[in-house]
Amino acid sequence: QVQLVESGGGLVEPGGSLRLSCVTSGFTLSTYAMSWYRQAPGKERELVASITNYGSIRKYEDSVKGRFSISRDNAKNTLYLQMNSLKVEDTAVYYCNMNPPRGDYWGQGTQVTVSS
């Protein structure tokens, strides 16, 4: 049974940092390219960052380039998203999933709120 469990979100002031984690189980993480997605209130879910199976290629949505960094530890079955210089517009629920995403595998996500 595949599970994707996100954590690490919270309330942070603009300019602050958070590190999100996604612990995976039920499959071999190295088999898949993975991504972080986010959904802000009233908006569709969007792709934020992607990483290939062993981390050789990383891609970012334009608004987070230079601020966010995606990484993975296949031995620990964990995906990470380091978020620096956070902005109010980064407020959203953040999810991890394969790339392309599998509809049945969406987890609960972790809430990130950037506010002063």
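What follows is calculated from the coordinates using simple rules that are stated; it is not laboratory data. Note that this is a predicted model, so its numbers are computed, not measured. Using ideal geometry, Cβ is built from the backbone for each residue, glycine included, and neighbour counts are taken over all protein chains shown.
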Which of GLY16, TYR95, ILE51, positive extreme of dipole for the chain (C-beta unit charges): ILE51
Semi-axes of the equivalent ellipsoid for the chain, Cα gyration tensor, largest first, Å: 22, 15, 13
For the stretch 59-116: rounded, prolate or oblate by the Cα gyration tensor [a/c cutoff 1.5]: prolate
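Which FRET efficiency value, to the nearest 0.05, is calculated for ILE57 and GLU13 with the Förster distance at 30 angstrom and r the Cβ-Cβ distance?
Efficiency, from the Cβ-Cβ distance: 0.40.
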Protection-proxy order for peptides 31-37, 61-67, 6-12, each taking the mean of Cβ atoms within 10 Å per residue, highest first: 31-37, 6-12, 61-67
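When the dipole is taken about the Cα centre of the stretch 61-116, and only Lys, Arg (+1) and Asp, Glu (-1) are charged at their Cβ, what size is it in debye, to the nearest 20? Could you put the intermediate results ahead of the total?
Numbers: 6 positive and 6 negative charges, 33 e Å.
So the dipole magnitude of the stretch 61-116 works out to roughly 160 debye.
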Point-charge dipole on Cβ atoms (K/R +1, D/E -1) for the stretch 3-116, about Cα centre, debye to 20: 240 debye
Rel. contact order, % - alpha carbon contacts under 8 angstrom, at least six apart, the chain: 36 percent
